[in-house]
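J.: After the C-alpha cells below, expect a handful of questions from me.
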Amino acid sequence: MKFISVALSMSLILLLTGCFAKIHSLPAHPDKNSPVFAPLPDRETLVGLAISGGGSRAATFAAGALEALATVRITDGGQERSLLEMVTHMSSVSGGSLATAYYAVKKPAKFEAVMAGDGLSPAYQQFFTSFKEDMQLNFQLRALGRQVANFRVANPTKLAYSFADVWDANFFDGMTFSGLYERERRGDAPQIILNGTIYNSGRRLVLTTLPPSDFAYDFTKELRAKLVAKGQQFTPEGKASFDKSVERAKNQFLPQTFEDLAGDHRGLPVSLAVATSASFPPVVGPVTYQAAGTNTYTHVGDGGLFDNLGTESLTTLFLNKLNPARLAAKRGLIIVIDASYPFDEGGADLNTSEKGFEVFAHDPSRIVGIMEERANAYQAMLWHSLRAEGAFLPDYDHLKLIILRYTDSEWAQNDPIPAGCPSTMTVEAIKKTIRQVPTLFKIEDTCHGALLIAAAQKVVKKQQQRIVNFLQPAP
C-alpha cells in the first residue's frame, strides 16, 4: 500500500507539472549571420576553471578553492599577479553554476587589486568572506517558501523559478546576460559558461555570452586525415561508415547555444540560467524555452547528466581556440574544481542491505552517477589515447588539465580542527564527514562548510606548484 501511495503521489505531481507548465519566451535572434554578443579578444594563454555540480557542497568548495587560487602568485614579465587575474573562462554545472555566476557578477572590478602585501587586498578579503557565507545559505527552505507564497506547491517546473527568485533577491539583483557581458567586456569578470542538458535531444546547451563559432570544433576531417597519415586504409564503404558514425558523435559532442535555437538571450536573467543548469527533475525543473517565431519548445535541465565537471564545454572551446589554423591562443590550462559526490559512497551499506531500493532514499541520483562515472572513464581513455597517438590533441605543454578534488585533501592528526567542528575529530572522522556531505542546496551543518573550505585550501596548496610551473615562464 505504501508503494502504491508513493506512486500515486508521484503521478499527481507529474500531472500537476504538466498542467501548470511555465514557458520562458526569448525574442527572436535578430541576425543569424552575427552573434548576439560581439566576440572578445583572446589572450595567448587561456586559463579555464571547470566547476562541478553538487549543490551547496560544490558551491561552498568552489568559493574556498577560488579564494585559495587567488593567493597563488604568478610572475610574468617581471610582474607578480594573482592566478585569478589570468582566468579567462569558467564552465560549470548545477551547484557549481551558482558559485560561477556569483563570482562573475559580484567579484570586485578589474581596477581592484587582488593581492596586497602577503595576502589578499581588503576588497577581496571582504568579497570572499561574503562568498563563502552566502554559498552555505539554506536555499531549499527559501525556495519552498516562494513556492507556497506564489501557489506553486507540487510543481517542480516552477520550483526552478522559485530558486531563481531566491538567488535574484539575495545575489543577482535582476542581472541579465547583457549586464554580465558588460562585466566580461570591461575585464571585471571572466567569460562564463553555464551548462544545461537539452532533454529533447540529449545535447548540451551552453548558457553563455560566447558566440556559437567558439564551440564549432570540427574534429571529423582532422581525425580522418591523421588516421590516413598513419597508414589507415579506407574503402569507399568504410569511409562512408566512418564519416557517418563520427559525424553523429560530433553532433552530440558539440554544444548548442540559444542562437542555435533562434533565440536572443540578452534579457535572460542570470538567476534563471543558474536554475536551468541546476534543475534535476522530477524534483526541480526542467526550464522550458521558446524562441519567438518558432513552434519548438526546448526543455532544459541539469547540465551534469553526462559531464558533471563542466570540462567538456571548456575542452571544446579550448581545442577550437588552440587550433593552429585560427592563430589565436597558444596554450591552455584547465583547472577542475571537483566536488561531485563520491561514486562509491554508500556502497558498503548496499553490501549489507537486502533492500536495494533503499539506496534511492539516500542517493536518488545514483543511477545517473553510474552512467556519469562510466562515461567519464571512457572519455578519459579516449583523450589519453588520442593524445598518446598524436591525433589532433595538443601535447601536455600546450594543454594541461589539473584536478582539485575535495576528497583528495590530505589531513594530519595535528592539523587544526576547523571552527564549528568537534575538537575531538580524528583524521578518519574528518575524511568520512567530507565524503558524506549530501547533495542539497543547503549546508546542514556548519562543520560541513568549514571542512569543505579547509579541504579547498589543502588541495590548492597540493597542486600549486604544478599550476605555477605551467603558467610561469622558466627563468
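The values are calculated or read from the model by the stated rules, or taken from the named source; none is laboratory data. A quick note: this is a predicted structure, and the numbers were derived from the prediction, not measured. No Cβ is skipped: glycine too gets one built from the backbone with ideal geometry, and neighbour counts run over all protein chains shown. Only protein heavy atoms, including side chains, enter the accessible area calculation; ligands, DNA and RNA are left aside. Shrake-Rupley method; radii C 1.70, N 1.55, O 1.52, S 1.80 Å.
J.: So if I check each of Phe139, Phe128, which one is open to solvent by less than 50 Å² (accessible area, probe 1.4 Å), under 25 Å from the mean Cα position of the chain (by Cα) and over 20 Å from Leu440 (Cα atoms)?
T.: Residue meeting the stated conditions: Phe128.
J.: Identify all residues within segment 145-160 that are closer than 15 Å to Asn170 by Cα and in contact with a Leu (Cβ under 9 Å, 6 or more places away or on another chain); write none if there are none. Even if it seems obvious, please write down each step before you answer.
T.: At the first step, the residues of segment 145-160 found to be closer than 15 Å to Asn170 by Cα are 145-146.
Hit for segment 145-160 is Arg146, nothing else.
J.: Could you tell me whether Thr426 is free of Cβ contacts under 8 Å to residues at least 40 places away in the same chain and surrounded by 13 or more Cβ atoms within 10 Å (Cβ to Cβ)? Please lay out each step first, then the result.
T.: Numbers: free of Cβ contacts under 8 Å to residues at least 40 places away in the same chain: yes; surrounded by 13 or more Cβ atoms within 10 Å (Cβ to Cβ): no.
For Thr426, the condition - free of Cβ contacts under 8 Å to residues at least 40 places away in the same chain and surrounded by 13 or more Cβ atoms within 10 Å (Cβ to Cβ) - is not met.
J.: I need a count of the residues in segment 118-163 that are on the phi > 0 side of the Ramachandran plot and either in contact with a Ser or Thr (Cβ under 6 Å, 6 or more places away or on another chain) or among the acidic types (Asp, Glu) (or both). If you could, list the steps in order and put the result at the bottom.
T.: Within segment 118-163, the subset on the phi > 0 side of the Ramachandran plot is 151, 154.
With the extra rule that they be either in contact with a Ser or Thr (Cβ under 6 Å, 6 or more places away or on another chain) or among the acidic types (Asp, Glu) (or both), the set shrinks to none.
Of the residues in segment 118-163, 0 are on the phi > 0 side of the Ramachandran plot and either in contact with a Ser or Thr (Cβ under 6 Å, 6 or more places away or on another chain) or among the acidic types (Asp, Glu) (or both).
J.: In addition: Would you please list the contacts, defined by Cβ atoms under 7 Å and residues six or more apart or on different chains, that run from a residue in segment 399-422 that is at negative phi to a residue that is assigned to a strand (DSSP E or B) and of a type in the set (Gly, Ala, Ser)?
T.: Leu399/Gly332
J.: Would you check which residues across segment 167-186 are part of a loop (DSSP other than H, G, I, E, B) and open to solvent by less than 60 Å² (accessible area, probe 1.4 Å) and list them? Step through it out loud before you land on a result.
T.: Kept after step one, since they are part of a loop (DSSP other than H, G, I, E, B), are these residues of segment 167-186: 173-175.
The answer is Gly174, Met175.
J.: Suppose we keep only residues that are among the small types (Gly, Ala, Ser) and surrounded by 14 or more Cβ atoms within 10 Å (Cβ to Cβ) within segment 430-475. Which one would you say is nearest to Arg73 (Cα to Cα)?
T.: So, considering only residues that are among the small types (Gly, Ala, Ser) and surrounded by 14 or more Cβ atoms within 10 Å (Cβ to Cβ), the one nearest to Arg73 (Cα to Cα) is Ala456.
J.: Check whether at least one residue in segment 139-162 is touching a Phe, Trp or Tyr at 6+ places or on another chain (Cβ under 6 Å), closer than 21 Å to Pro108 by Cβ and part of a helix (DSSP H, G or I), and report yes or no. Lay out the reasoning, then the answer.
T.: Of the residues in segment 139-162, the ones touching a Phe, Trp or Tyr at 6+ places or on another chain (Cβ under 6 Å) are 139-140, 143, 155.
Narrowing further to those that are closer than 21 Å to Pro108 by Cβ: none.
No; the residues of segment 139-162 include none that is touching a Phe, Trp or Tyr at 6+ places or on another chain (Cβ under 6 Å), closer than 21 Å to Pro108 by Cβ and part of a helix (DSSP H, G or I).
J.: Please tell me if Ala189 is surrounded by 14 or more Cβ atoms within 10 Å (Cβ to Cβ) and on the phi > 0 side of the Ramachandran plot. Let's see the steps before the verdict.
T.: Numbers: surrounded by 14 or more Cβ atoms within 10 Å (Cβ to Cβ): yes; on the phi > 0 side of the Ramachandran plot: no.
Considered against the rule, which asks whether it is surrounded by 14 or more Cβ atoms within 10 Å (Cβ to Cβ) and on the phi > 0 side of the Ramachandran plot, Ala189 comes out as no.
J.: State all residues of segment 69-102 that are among the small types (Gly, Ala, Ser), surrounded by fewer than 24 Cβ atoms within 10 Å (Cβ to Cβ) and touching a Lys or Arg at 6+ places or on another chain (Cβ under 8 Å); if no residue qualifies, say none.
T.: Scanning segment 69-102 gives a single hit, Ser82.
J.: Tell me, which helices (runs of 4 or more DSSP H) lie completely within segment 361-472 with 2 or more residues that are out of contact with any Asp or Glu (no Cβ under 6 Å at 6 or more places or on another chain) and modelled with pLDDT of 90 or more?
T.: So the answer is 427-435, 446-471.
J.: Given the conditions (1) closer than 29 Å to Thr439 by Cβ; (2) open to solvent by 40 Å² or more (accessible area, probe 1.4 Å); (3) out of contact with any strand residue (DSSP E or B) (no Cβ under 9 Å at 6 or more places or on another chain); (4) not β-branched (Val, Ile, Thr), report the number of the one that Asn155 does not fulfil.
T.: (2)
J.: Out of the helices (runs of 4 or more DSSP H) lying entirely within segment 200-316, which hold 2 or more residues that are surrounded by 17 or more Cβ atoms within 10 Å (Cβ to Cβ) and at pLDDT 90 or above?
T.: Numbers: elements: 220-229, 236-253, 270-278.
Qualifying helices (runs of 4 or more DSSP H): 270-278.
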